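Okay, structure first, notes after.
The values are calculated or read from the model by the stated rules, or taken from the named source; none is laboratory data. Computed from a predicted model, the values in this text were never measured in an experiment. Heads up, the Cβs are rebuilt from the backbone with ideal geometry, glycines too, and the neighbour counts pull from every protein chain shown. For accessibility, only protein heavy atoms count, side chains too; no ligands or nucleic acids. Shrake-Rupley method; radii C 1.70, N 1.55, O 1.52, S 1.80 Å.
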Amino acid sequence: MTIIPEKERSSLPLDTDEIIYHPDMIRANEWVLSEYEAPVREFCIFVPCAKKKPYHESPSHKIFDKVIFGMLDPEDVHIVVFGTCGITPRELDTEYPFMDYQFMLGKCNVAKIKRDFIKMESQRLSQYLEKTRDNYKHRIAYCIGDFRKAMELAVEMSGVEVIIVPKEYTVNAHVQPGKKFIYGSLNQASYLQDFSNSIATIIGKESKNPDFDDGEKTNDNDWYLL
């Protein structure tokens, strides 16, 4: 599958702070929202994009997968990546431009771009939720920071229920005002435990304790610096 044929691709760079406005990123997201046919699954799990590409090979996504597939069968789950990339069903993560951009929004200190990101991403997420309203029985989003803000707005706009974790009180317990990203890393054990608990509650099983130390083991997540 080729979302954008090579001869039709823009010559603009994919490594600047204006990545969210890049014509190929916009076109690829429009394709996902209009042409892409999502699978029918019990679960849709939304996770943040990562610096390392493809996402499914990144350290952070391997941690997320350990939590998800430690409790769910792969055929029951559809993983959708969101963030700097817009919306990317993870089975498309080797496609251009999702595989090719390098810029992390966390490096951007332009307030307008940050505001535009939340506006654009919430609209895209809302459209995806509406488009796939009947595709999934349960939806979970694992996110913090501005990615979380966009997801919360999308839920309000679409009226489609999404369980958003970590829980608010868990996030607040980790707030460190002196840090550039005050919420810390999603790879912290307490955050991962909330993630695991959200799945366990739905399937009616005991939550598994993620086998990771509390702390920041990886730093390949765009959201981490956002």
Open item on the list: Consider the range 144-191. How many of its residues are open to solvent by 40 Å² or more (accessible area, probe 1.4 Å), more than 20 Å from Ile79 (Cβ to Cβ) and of a type in the set (A, V, I, L, M)?
Closed with: 5
Task: Lone unmet requirement of (1) assigned to a loop (DSSP other than H, G, I, E, B); (2) out of contact with any Asp or Glu (no Cβ under 8 Å at 6 or more places or on another chain) for Gly184 - done: (2)
Task: Leading residue by the ranking (least open to solvent (accessible area, probe 1.4 Å)) among those in the range 1-56 that are over 20 Å from Asp146 (Cα atoms) and hydroxyl-bearing (Ser, Thr, Tyr) - done: Tyr36
TODO: For the range 87-100, state whether one or more residues are surrounded by 18 or more Cβ atoms within 10 Å (Cβ to Cβ), out of contact with any strand residue (DSSP E or B) (no Cβ under 9 Å at 6 or more places or on another chain) and without any contact (Cβ under 8 Å) to a residue 40 or more places away in the chain.
DONE: no
